[in-house]
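Okay, so here's the structure we're looking at.
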Amino acid sequence: MLKFHPALASLLWAMSACAAMAGWLDNTISRVHGDLQSLLHCEWQGSTPYTICPTRQVRDVVGLYADASGDYPETIEFHPLLTVDPTDSAQNKSSHDTVVAILHYFFPGWKDENAWVSAALKAANDDDDAEHAIKLDGAILYIRSLNIEDGEGSYAMVVVTRKASIDQWTVDKTSIVK
């Protein structure tokens with residue numbers, strides 16, 4: 001069982017209780033912005049259809065794409081840190097907990113979340129070509145290893161989308177993000 005920092009645990013519980021009532025697919029962009037802003041301690045920038053929230057809890061930003069109406073989320077994408085040395089660092093634990101918290105927000109009723117996410121993140125950390133995808137509640141969760149040339153550690157790409165295909169994230173697996 002995962003153990004969260006008490007403040008993160010309280011926030012996660014409050015967010016999941018709210019999200020569980022409506023389900024993430026029914027939450028408006030403004031609701032998702034507010035909930036994730038509280039979790040990630042960031043300020044949203046940009047305007048619909050694409051907004052970003054720069055945060056130190058993931059690499060660079062969390063990006064949120066709106067659907068055609070502009071009122072509801074269609075895709076969220078972010079690049080979490082998987083490991084830096086030492087592997088038992090607080091930064092590694094915080095990153096893992098943040099990924100789980102974000103995914104728990106979007107899929108509050110998912111029973112196998114911890115095991116699936118942990119296995120996907122471990123595979124992404126251990127294998128340059130690792131990728132995992134699962135369909136949940138009308139959405140696709142996709143996690144893959146990400147090669148980033150910064151020498152700081154290893155990263156993953158995490159995508160939650162209501163799009164019918166994840167091809168745009170799998171087209172060029174050899175690309176290097178700088």
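Scan region 143-156 and report the pairs whose first residue is in a strand (DSSP E or B) and whose second residue is buried (at least 17 other Cβ atoms within 10 Å of the Cβ) and modelled with pLDDT under 75, with Cβ atoms within less than 9 Å and a gap of 6+ or a chain change. Pairs that qualify, where the first residue is in a strand (DSSP E or B) and the partner is buried (at least 17 other Cβ atoms within 10 Å of the Cβ) and modelled with pLDDT under 75, are S154/I148; Y155/I148. If you go through region 36-61 and keep only what is in contact with a Leu (Cβ under 6 Å, 6 or more places away or on another chain) and of a type in the set (V, I, T), you end up with T51, T55.
Return the total of residues in region 77-91 being touching a residue at least 60 places away in the same chain (Cβ under 8 Å), open to solvent by 10 Å² or more (accessible area, probe 1.4 Å) and not aliphatic (A, V, I, L, M). Spell out how you get there, then give the answer.
First, pick out the residues of region 77-91 that are touching a residue at least 60 places away in the same chain (Cβ under 8 Å): 77-85.
From what is left, the residues that are open to solvent by 10 Å² or more (accessible area, probe 1.4 Å) are 77, 79, 81-85.
Subset that is not aliphatic (A, V, I, L, M): 77, 79, 83, 85.
Total satisfying the criteria: 4.
Working only within region 92-117, note down all residues that are open to solvent by 40 Å² or more (accessible area, probe 1.4 Å) and free of Cβ contacts under 8 Å to residues at least 24 places away in the same chain. K93, K111, D112, A115, W116 - these are the residues of region 92-117 that are open to solvent by 40 Å² or more (accessible area, probe 1.4 Å) and free of Cβ contacts under 8 Å to residues at least 24 places away in the same chain. The lone criterion from (1) small (G, A, S); (2) crowded, with 17+ Cβ neighbours inside 10 Å; (3) in a strand (DSSP E or B) left unmet by A123 is number (3). Could you check W116 against (1) part of a strand (DSSP E or B); (2) at pLDDT 85 or above; (3) in contact with a His (Cβ under 9 Å, 6 or more places away or on another chain) and say which number it fails? Evaluating W116 over (1) part of a strand (DSSP E or B); (2) at pLDDT 85 or above; (3) in contact with a His (Cβ under 9 Å, 6 or more places away or on another chain) leaves (1) as the failure. Within region 159-174, at least one residue is open to solvent by less than 20 Å² (accessible area, probe 1.4 Å), at pLDDT 70 or above and in contact with a helix residue (DSSP H, G or I) (Cβ under 7 Å, 6 or more places away or on another chain).
Conditions (1) at positive phi; (2) hydrophobic (A, V, I, L, M, F, W, C); (3) over 10 Å from the mean Cα position of the chain (by Cα), marked per residue:
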| residue | (1), (2), (3) |
| --- | --- |
| V62 | no, yes, no |
| A68 | no, yes, yes |
| L81 | no, yes, yes |
| D85 | no, no, yes |
| D88 | no, no, yes |
| Q91 | no, no, yes |
| S94 | no, no, yes |
| A101 | no, yes, no |
| F107 | no, yes, yes |
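With respect to D112, is the statement that it is within 18 Å of G153 (Cβ to Cβ) and either under 16 Å from the mean Cα position of the chain (by Cα) or not β-branched (V, I, T) (or both) true? Spelling it out, it is not the case that D112 is within 18 Å of G153 (Cβ to Cβ) and either under 16 Å from the mean Cα position of the chain (by Cα) or not β-branched (V, I, T) (or both).
The values are calculated or read from the model by the stated rules, or taken from the named source; none is laboratory data. Treat the numbers as computed from the prediction; the structure is a model and nothing was measured. So basically every Cβ, Gly included, is an ideal-geometry build from the backbone, and we count neighbours across all protein chains shown. SASA here: full protein model, heavy atoms, side chains in, ligands and nucleic acids out. Shrake-Rupley method; radii C 1.70, N 1.55, O 1.52, S 1.80 Å.
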